[in-house]
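The values are calculated or read from the model by the stated rules, or taken from the named source; none is laboratory data. Here the structure is a predicted model, which means the values were calculated and not measured. Neighbour counts are summed over all protein chains in view; Cβ atoms, including those assigned to glycine, are modelled from backbone coordinates with ideal geometry. Note: areas computed on protein heavy atoms with side chains; ligands, DNA, RNA excluded. Shrake-Rupley method; radii C 1.70, N 1.55, O 1.52, S 1.80 Å.
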Amino acid sequence: MSRLLRHSWLVIFLFALGCLAVYAQAQRSIQPGPDRKSGESEGPFERLVIRGATMIDGAGAPPIGPVDIVVENNRIKEIRSVGYPKVAIREANRPAKGVKEIDASGMYVLPGLVDCHGHIGGVAQGTPAEYVYKLWMAHGVTTVRDPGSGNGVDWTLRERERSAKNEIVAPRIYVYVRPGMGWDKGQIITPELAREYVRWAKQKGADGFKVIGGDSIYDPEILSALLDEAKKLQMGSTTHMAQTGVVRTNVIQAARMGMGSMEHWYGLPESLFADRVVQDFPLDYNYNDESHRFGQAGRLWKQAAPPGSKKWNEIMDELIKLNFTIDPTFTIYEASRDLMRAMRAEWHDRYTLPSLWKFYQPSRQAHGSYWFNWTTQDEIEWKNNYRLWMAFVNEFKNRGGRVTTGSDSGFIYKTYGFEYIRELELLQEAGFHPLEVIRSATFNGAELLAQQQGRPMEFGVIRPGKLADLIIVPENPIANLKVLYGTGAIRLNDQTNQVERVGGVKWTIKDGIVYDAKKLLADVERMVETARKKTTEAGSGGH
Ligand SMILES: [Zn+2]
């Protein structure tokens, strides 16, 4: 047990983010989602009508309402504009009654959200799938891409199928496996093995690959074979680069080989180096000292070609021409620029499992986290790092590049669901209009996944014929993204002069099935309470 635990910490340590700890546990998996129980949801319905909502379509169109939306079984059938704001609706103009009616007057309806970087928990975090799924669904996340699929290829494929059949309460799942996992031929150390693995994964049913920089897979001849084969078989690809591999293959080089998207940001500043080949590492730098590694990462963007320079423009243009996608996951590094904010986020009190909380804690011995010597200057460097990174991502979007939304929750004080919403806020901070944020979180994610599989888009936009993945929010998320948090947003009531909590998603609809988002959140709260009691009892029992 302790050996396994130490091994998992070591892996986190090696790959810059804890998100990769899952690799170490390829042989072990968390508890899968329990069967969906009656009372947890309603529908799908032969005819469901959502009445009087203001619609945000996901593609970037401005809000429009009131509209009535008709859903038949799991598909959107009709969207009808039925009047004008603050004017009574003429009943004669409305679609016929459904077997189920939702009164959404005064509320907002959006497409279900897509988390392009959603790990389904982990053994080290002690998170049963139900906990993770319900936090996502309670925050309107109806689709996730599981990068690395750390609970194992078979486990994740099984959960994908169960979710597709709605046997469990869970978002749609896209399985992006880590090359080499799941088969018995070991590490991929030749181009031939890379091709063979891709064919193996295709036959298994995987949707794509998450390739980790620093592995031998990242040597250019092996990586290009993998990507070439993946393209032939219409499988997706994304990458998390590491400082140990980025000198041989950076983002622009990987994109030229056919890499479809990138996670985080590593490899991007290196693509923009104009006056160096290797990052300006201090002379006593040791990659295995986490305060070195993360501290220096925060000083990396300023070593790249500056905004507006020739190199900056050339690389950006080429990435856009290659139809490359950036999935920045701003939120997962937030503790680097503001440790206390991430550590003390208010949702931890009620919604972070004790095992997950324990997993977040820094420990030099465990090599799991880099907070053991984090300084004011480190935070300042990271704030500046973010400014350049955000400038790149915002400009990339403005020039036509696709930016998606991913949270990478389950690491570094980032709890599922809540931190997906935080990612939306950070996209706005980067310069996105809130409608561009929603587009990134819905349409863009869906488009990326569809394109990488060579399939038409089935969700991510509110249109007749698309799957009925929708969320309904009582407040206007364009005016304040905070209303999407399960804990809501703070607002002073003008009548009572009392402070209130408003918002939180009210209903999450996936495949025409209606979930009460507040109830899902209450389930999670109960799970946390129960786990806390157990932990306390175990604690008082003595070790
Ligand atoms: Zn990750």
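Here are the numbers:
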item	result
Scope region 107-139; condition open to solvent by 10 Å² or more (accessible area, probe 1.4 Å) and either within 21 Å of E263 (Cα to Cα) or more than 16 Å from the ligand (Cβ to nearest atom) (or both); matching residues	M107, Y108, G126, P128, E130
G98 being assigned to a loop (DSSP other than H, G, I, E, B) and farther than 22 Å from G150 by Cβ	yes
Residue in region 449-465 that is of a type in the set (D, E) and more than 16 Å from the ligand (Cβ to nearest atom) present	yes
I222 vs. criteria in contact with a helix residue (DSSP H, G or I) (Cβ under 8 Å, 6 or more places away or on another chain), within 16 Å of the ligand (Cβ to nearest atom) and over 18 Å from L322 (Cα atoms)	no
Positions within region 480-535 being surrounded by fewer than 23 Cβ atoms within 10 Å (Cβ to Cβ) and among the basic types (K, R), in sequence order	K482, R491, R501, K506, K518, K519, R526, R532, K533, K534
Extreme residue, nearest to R439 (Cα to Cα), among residues of region 402-422 that are within 14 Å of the ligand (Cβ to nearest atom) and in a helix (DSSP H, G or I)	Y420
Test for Y485: is it within 16 Å of the ligand (Cβ to nearest atom) and over 21 Å from K397 (Cα atoms)	no
Evaluation of S369 against (1) within 16 Å of the ligand (Cβ to nearest atom); (2) at pLDDT 95 or above (one fails), failing number	(2)
Selection from region 392-419 of residues that are open to solvent by 10 Å² or more (accessible area, probe 1.4 Å) and under 22 Å from A342 (Cα atoms)	I412
Counted residues, region 153-174 - those being within 16 Å of the ligand (Cβ to nearest atom) and of a type in the set (G, A, S)	0
Selected residue [more than 24 Å from E229 (Cα to Cα) and surrounded by fewer than 24 Cβ atoms within 10 Å (Cβ to Cβ)] from N151, N166	N166
Unique residue being in a helix (DSSP H, G or I) and among the charged types (D, E, K, R) when the list is R145, R195	R195
Selection within region 226-249 - at pLDDT below 95 and surrounded by 20 or more Cβ atoms within 10 Å (Cβ to Cβ)	H240, M241, A242, Q243, G245, V246, T249
Residue count, region 186-210 (criterion: farther than 17 Å from A225 by Cα and open to solvent by 50 Å² or more (accessible area, probe 1.4 Å))	2
The one condition in (1) under 14 Å from Y197 (Cα atoms); (2) open to solvent by 10 Å² or more (accessible area, probe 1.4 Å) that I222 fails to fulfil	(2)
Wholly enclosed helices (runs of 4 or more DSSP H) of region 303-377 bearing at least 1 residues of a type outside the set (D, E) and open to solvent by 70 Å² or more (accessible area, probe 1.4 Å)	310-321, 339-343, 348-351, 354-360
Residue ID - nearest to F330 (Cα to Cα), chosen from residues in region 110-165 that are without any contact (Cβ under 8 Å) to a residue 60 or more places away in the chain and not hydrophobic (A, V, I, L, M, F, W, C)	D146
Of residues in region 231-279 being out of contact with any strand residue (DSSP E or B) (no Cβ under 7 Å at 6 or more places or on another chain) and among the β-branched types (V, I, T), the one farthest from H292 (Cα to Cα)	I252
Given (1) touching a Ser or Thr at 6+ places or on another chain (Cβ under 7 Å); (2) away from the ligand (no atom under 16 Å from the Cβ), index of the condition S291 fails	(1)
